[in-house]
Every structure is written in structure tokens, then in C-alpha cells.
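Notes follow once the structure below has been shown.
The values are calculated or read from the model by the stated rules, or taken from the named source; none is laboratory data. Computed from a predicted model, the values in this text were never measured in an experiment. All Cβ positions, glycine included, derive from the backbone under ideal geometry; neighbour counts span all protein chains shown. These accessible areas exclude ligands, DNA and RNA; they are computed on the full protein's heavy atoms, side chains included. Shrake-Rupley method; radii C 1.70, N 1.55, O 1.52, S 1.80 Å.
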Amino acid sequence: RQRGQRPFEWYGAFPELCPVLHKYVRPRDKVLVVGCGNSELSEQMYDVGMCQDIVNIDINDTVIHQMQERSRSKRPKMNYLLMDVLQMDFPDAHFQVVLDKGTLDAILTDEEEATLDKVHKMFREISRVLQVGGRYLCVSLAQAHVLKKAVEYFFQEGWVVRVHQVAGSGDKQQFVLPVFIYVMTKFRKITGSAPQILEICPEEQDKPMRVESVEQLVAAVKDRQRYALLCSQLSKTPCGEQVSLDLCDKESGRPRYTLHVVDSASVKPSRDNCFAIFIIPQGRETEWLFGTEEGRRQLATSAGFGRLVTVALHREQHYEGMASIQSELSGKVMELAPLSLPARQQVPFLSVGGDIGVRTVLHRDTSPLSGEYVVEDVKGDGTRYFRRLIFLCNRNVVQSEARLLAPTPLPGQKKRRKDKKKPSSAELPGAIDKSYLCCEHHKAMVAGLCLLGGPDPLPGALLAVLVVGLGGGSLPLFIHDYFSQACVAVVEIDPSMLEVATHWFGFSQGDRMRVHISDGLDYVAKLAAEAPAQYDAIMFDVDSKDLTVGMSCPPPAFVEKHFLQKVKTILKPEGIFVLNLVCRDAWLKESVLATLREVFPVLYVRRIEGEVNEILFCQLSPECQWAPTELRARARVLEGALRQPGRPWDSSYVLADMLQAVKIL
């Protein structure tokens, strides 16, 4: 009464609902609107000619009288009746469409027995007055209990159920929850195993997606509700923590893009630097700048934008190029824009080098121990290509990496013109560059070998080295090739990794290189019992398959005291034990360091900048302890010996630099 003639529009106005309604309401349909209130929806459907044989019912006599007066002269075929949807006076099969805008939500406020009884009466009455082939269109906020009850009821009755998300529903500043329309199409109930249909039609798609169960449908709706809330929150306030989400392929449902929303507190947004999108080239999403929270924050600051959305491309998907990605993403990423973005402001799409990078999956397989994995070639920064081993259970971590040699043109082949964009088959990357260690922690592990020996640590000395964890084989290969008298034993629990290293990473066995397929724990225990004090260097570079532990390298059993005692037993008195430690749990890391100190009197640590890895150098004799300046001097001597004429050596690899930040614990 206080509102007078002003309509009260729950869940969006006619222009927002029209694109869905016109698919299911035909001009000659007889339409029943239940719980009509004083909404203009029926009037607008009538006025635009969508349909005119419309009956509206409500239990409020004031609103019915008001609506009758409003339409009496303008809409002669429109009827308003005082009637309860739980007990209607219409004959059976009287309507082709029943339209409900918020009435079910108003009735189903809880799941008490009395409430559910009302809802069942409502559903039975709607079913009774609808013809076979008729549609029950229910406009709703789709709270989980409401959606589940409606879908379960009509699905069990053998009806076809489809849920539409309404595009752009409501005032985004006032009403952030998305609106849905349930479309229940009445079919005769068939006994037996007739296929039943459940579908969802997101706002950005006309083509509905089939789902297998009511639970999947409810989960899909919940995903869209969470996304709407997220977009609303991001539009109003800067996000303190970085937000990530996956955009999935329409057909397969697999992730196609991974987005991170990064707000930079150090950038003062203006019209031109408010918002930007950064496309990470394929294969480079694992790099520190793109793959870590700190790196992405630095990227946003360097780019000079208040909000930067980074976009990672998935290896299972195909991409045509930057233009097609921009076209595909432009609508969705704009929903993540800050409120301060001016209307019709062009948002820049940024990348490295202006392209989407190169990723070629060479091999894909599944190991019983390591799970699904891929071997892929990716283009790095510049013209270099790299080969990577990725375990898909932890797809953002490069398990092993090797640089590929620059391609050698075939005899008689002409040099490629500078303006020719695509490389020919003869210009694709060649063999593995065994002289280069891609992983910073491998470089540090090799540099730690300068702790061995007397005053002059030379690579020509006889060395017995044990490496636990093969991966792609880069670490044992480098030691084998550059320490000419080293005999390397490698222990690897997964036979699939030996096949991968041999076939894809240039690894080979010989007189000075042997691989033992065994559990590292069992192998070391057996050696400790049979042949103590036989290794000059022992290196652990083995990952943990248990992702629930705060330490991903090595598995916890490898740093338990009783096992470290066995490691100590097989190490020569002047030898060195090198451990790659990747531990995000501060308490667990302190516990590991304390245990190591109990077993090994001398302990050095080298933290890898920009990574979680820490390399620990452990020795048995206090006499082996060197000051950091002495360590770097020994590293320079070792590097000079390794750099032999005619032997390739990457100039960026400086052993002394790898020991620059070594600390004695």
C-alpha cells in the first residue's frame, strides 16, 4: 500500500528475463503466473506480444485489486484472480506455461516438515494444471535447498529439467547474486529405465550442458554463485590476497585458463593504468615471475597497473594465437575489473614478446608410482628451447629440465629469412645440452663438491658418488661428464623414470654410470649393512609423492635420524652428504635441521633465491669446516679445472657464485 503504483521487481526486470522467456513462451500459449505481486512482468510480456492469454494469481487481495485496475482498459485479455497456488480452482491440463517469479523461494524458506508439505502441494498443483509438454518456468536465486528440492521432485516425475543463468541480472551494486530460471518440461511418467535429462545453460552459452546427477547440477550452480560474489567483491575493494580461478573448456569441462588477480598497492591507479591482462607464454607458467605470488606481485608493479590479471594457458588445450585468446577472454576478464575502471575504457592485453609462446607435448604416460606425467618442449625467454618433465599431480612444478642445443641446419639448407615467422622442421630444437644445468639447486649441489679433498679440489680425483633420485638424469650426467674419474651410482624407485631419462633426456649408462631400480631407503640400508664408508659424495634429490606433508623433497623417512645414521655409515670420513630440502613448514624444517646436526657435526646451508629449495651440505669431520671466503676460493679452483679446452661450459654458471650465500649452521 505504501509503495502505491510502483512495481516491486524481485530478481530482475523483463529485459533481463526476456532472452530466456521467449524461448519457452509462445504467443498462443495460455500462461499462468503464480504469486504475481505487483510485478510488471506479465504486463510487459503482454505489451510486447510475447503472449496475451495470461492469468495472474496471488493471495494478497490489495495487490490483485491494484493490478486489475492498472490493466482493465489497456489489457482486456489479462486476468488477475485472488487464489492460492497451493489450492487452485483451474481444471486439469489447463495451461501450457506456469511462470513463477520468486514464489517458490518465498515459500521454501526452510526445510521444516510443514514447509516441505506446502511445497509439495504447490508442485502437485502446478503439475496438475499443466498440459503434457507444458513448461514450469521458475525464476529463483537457486539457494541449494530450493534448487535441489525443485529439481529432485520434477526429475523423479520424469520431466526434463534445464537451469538457465540469467545474463546481467539485477543492479550489480545492490544485488550481486545471480538469478536463475528453472525450466521443467512436463512428460508422461514412463516406468522403466528411460533416459532422463538434466541440463544447465550458463549465461555466456546458448548451448546447454548435460550433467549426470542432481548433485552435479547443484554444484555447477554453486560455482556460478561463488563466481558472482567474487566478481562483486573484486569490483568494490582491492584484494589483499591474490585470487585464483580456473575458466574451463565448454566441451570437455577441463581447465583452459588459470587466472590470478593481483592488486598492486604501490601503483596509484589512474584512467590509463587501472587494469590490464597479462598472457603468460605457454610453458613459462612455472617460472618464479609467473608461478609464485611474490613474482606476480612484482610483475604487476613492474607493469605499472593497479590491478593485473595473469592468464596461464593449459597444456591440454589448443590456442590459435593472441588475437583469438583476447577475443575469447575479453568478456569474462572484464567481470574482474575494479569499480574505478572508466566506462568503455580499452583494457590492454600484455605478454612477453607479444606472442603466446611455444609448447609441444612429446610424450604422455602414467607411472604406477609417479602418476600421470608429460615430457614437453617449451620456448624459454629468447630463442632457447627447454625440455621438461612434469608430474601432473603437481603441474606447476618442473620435475626435471634440460636445455636443448640450437638447431643445426641440414647440409645445403638456406639460412632462414628474418621475416619468416615459423621455424621449419630442420630448425626445431635439437639434442640435449648436457653442459648446462637448468635447475639452480643442481648447480648448488655440484658447487658443493668443492668441499671434498685437500687443499686443491680437482675433478680428476677418483670419486665414488651416490645420487638418490634420477628424474631426467641431468645431475648425475653432469657429474659423470665433468668429473672424469667419478663413478656414479644412481638409485631410482620408478622404472618409468629411467625410460624417460634415457629416451627423452639423453641419459645413458656405462662403466662409470649405473642405475639401480630400488627404493632409496632399502638401498642405503643394505649398503650400510654390507659395505660401509665407500662414497665420497651422497646426493639426495628425491621428491615426495605425499602432497599433504609440508615437505615436498625429500620424503620424511629420508631425514629420520635412524636413516641418516645409515647414510653416515656409507659416507667416507672426509666425504660430503648433499640434500635438496624443499619444506614450507617452518616447524618441520627446524626439526629436520636439528636432526641433521645431531648426525653431522658440520652443516652448511645454501638457500636458492626465488625458490623454496635449500641445499644442505653435511660433513662428518669438524676439520672439514671452511669459512665462506675459503669456500668460494675452492669453488674457483674447481671451476677452473672443470673448464677444459674443447669442453662446453656455460659462461653463466659460476661455481663461486653458487656458494656466495652459503651459511654455516
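Residues checked against (1) part of a helix (DSSP H, G or I); (2) crowded, with 18+ Cβ neighbours inside 10 Å:
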| residue | (1), (2) |
| --- | --- |
| Phe507 | no, yes |
| His516 | no, no |
| Tyr523 | yes, yes |
| Ala529 | yes, no |
| Ile538 | no, yes |
| Val542 | no, yes |
| Thr548 | no, no |
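Return the only residue of Gly321, Gly306 being assigned by the TED database to the domain that holds Val261 and either open to solvent by 20 Å² or more (accessible area, probe 1.4 Å) or under 20 Å from Glu241 (Cα atoms) (or both).
Just one listed residue meets the conditions, Gly306.
Output the residues belonging to region 69-112 that are within 19 Å of Gly134 (Cα to Cα), open to solvent by 20 Å² or more (accessible area, probe 1.4 Å) and assigned to a strand (DSSP E or B).
Matches in region 69-112: Gln96, Lys101.
Give me the residue from region 482-500 that is touching a residue at least 60 places away in the same chain (Cβ under 8 Å) and in a helix (DSSP H, G or I) and, out of that set, nearest to Arg512 (Cα to Cα).
Only one residue fits best here, namely Tyr482.
Kindly indicate the residue of region 256-291 that is free of Cβ contacts under 8 Å to residues at least 60 places away in the same chain and hydroxyl-bearing (Ser, Thr, Tyr) and also farthest from Tyr385 (Cα to Cα) among those meeting that condition.
Restricting to residues being free of Cβ contacts under 8 Å to residues at least 60 places away in the same chain and hydroxyl-bearing (Ser, Thr, Tyr), the top hit is Ser270.
Whether any residue in region 230-239 is touching a helix residue (DSSP H, G or I) at 6+ places or on another chain (Cβ under 9 Å) and open to solvent by 40 Å² or more (accessible area, probe 1.4 Å) is what I want to check.
no
To keep it simple, each residue is scored yes or no on (1) at pLDDT below 90; (2) part of a loop (DSSP other than H, G, I, E, B); (3) within 20 Å of Gly102 (Cβ to Cβ).
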residue: Cys18; (1), (2), (3): no, no, yes
residue: Arg28; (1), (2), (3): no, yes, no
residue: Asn38; (1), (2), (3): yes, yes, yes
residue: Ile64; (1), (2), (3): no, no, yes
residue: Met67; (1), (2), (3): no, no, yes
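Of everything in region 44-68 that's more than 20 Å from Val85 (Cβ to Cβ) and out of contact with any strand residue (DSSP E or B) (no Cβ under 8 Å at 6 or more places or on another chain), which residue is least open to solvent (accessible area, probe 1.4 Å)?
Met50
Mind checking which residues of region 508-558 are touching a Lys or Arg at 6+ places or on another chain (Cβ under 9 Å) and of a type in the set (Phe, Trp, Tyr)?
Tyr535
In this structure, does Val347 turn out to be of a type in the set (Val, Ile, Thr), in contact (Cβ under 8 Å) with a residue 12 or more places away in the chain and either closer than 18 Å to His318 by Cα or in contact with a strand residue (DSSP E or B) (Cβ under 7 Å, 6 or more places away or on another chain) (or both)?
So Val347 passes the test.
So that you can scan it fast, the table gives a plain yes or no per residue for (1) surrounded by 18 or more Cβ atoms within 10 Å (Cβ to Cβ); (2) touching a strand residue (DSSP E or B) at 6+ places or on another chain (Cβ under 7 Å); (3) closer than 13 Å to Tyr182 by Cα:
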{"residue": "Ala114", "(1), (2), (3)": "no, no, no"}
{"residue": "Ser140", "(1), (2), (3)": "yes, yes, yes"}
{"residue": "Ala150", "(1), (2), (3)": "yes, yes, yes"}
{"residue": "Gln156", "(1), (2), (3)": "no, no, no"}
{"residue": "Val160", "(1), (2), (3)": "no, yes, yes"}
{"residue": "Val166", "(1), (2), (3)": "yes, yes, yes"}
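Go through (1) at pLDDT below 80; (2) part of a strand (DSSP E or B) and name the single condition Ile200 misses.
For Ile200, the failing item is (1).
Return the total of residues in region 300-334 being more than 19 Å from the chain's Cα centre (by Cα) and either closer than 22 Å to Ala228 by Cβ or among the basic types (Lys, Arg) (or both).
4
Tell me which helices (runs of 4 or more DSSP H) are completely within region 586-665 and hold 2 or more residues being at pLDDT below 80 and in the same structural domain as Phe563 (by the TED database), or say none if there are none.
Because the criterion is at least 2 residues that are at pLDDT below 80 and in the same structural domain as Phe563 (by the TED database), the helices (runs of 4 or more DSSP H) in region 586-665 that meet it are 628-642, 655-658.
Can you tell me which residues in region 245-254 are open to solvent by 70 Å² or more (accessible area, probe 1.4 Å) and assigned to a strand (DSSP E or B)?
Listed by number, the residues that qualify are Asp246, Cys248.
Can you tell me which of (1) in contact (Cβ under 8 Å) with a residue 40 or more places away in the chain; (2) closer than 23 Å to Arg607 by Cα; (3) acidic (Asp, Glu); (4) open to solvent by 70 Å² or more (accessible area, probe 1.4 Å) is the one Glu574 doesn't meet?
(2)
Show the residue pairs that are 6+ apart or on different chains and have beta-carbon atoms under 6 Å apart, the first residue being within region 382-401 and more than 14 Å from Trp504 (Cβ to Cβ) and assigned to a helix (DSSP H, G or I), the second being open to solvent by less than 40 Å² (accessible area, probe 1.4 Å) and of a type in the set (Val, Ile, Thr).
Close Cβ pairs (under 6 Å, with a partner that is open to solvent by less than 40 Å² (accessible area, probe 1.4 Å) and of a type in the set (Val, Ile, Thr)) do not exist here.
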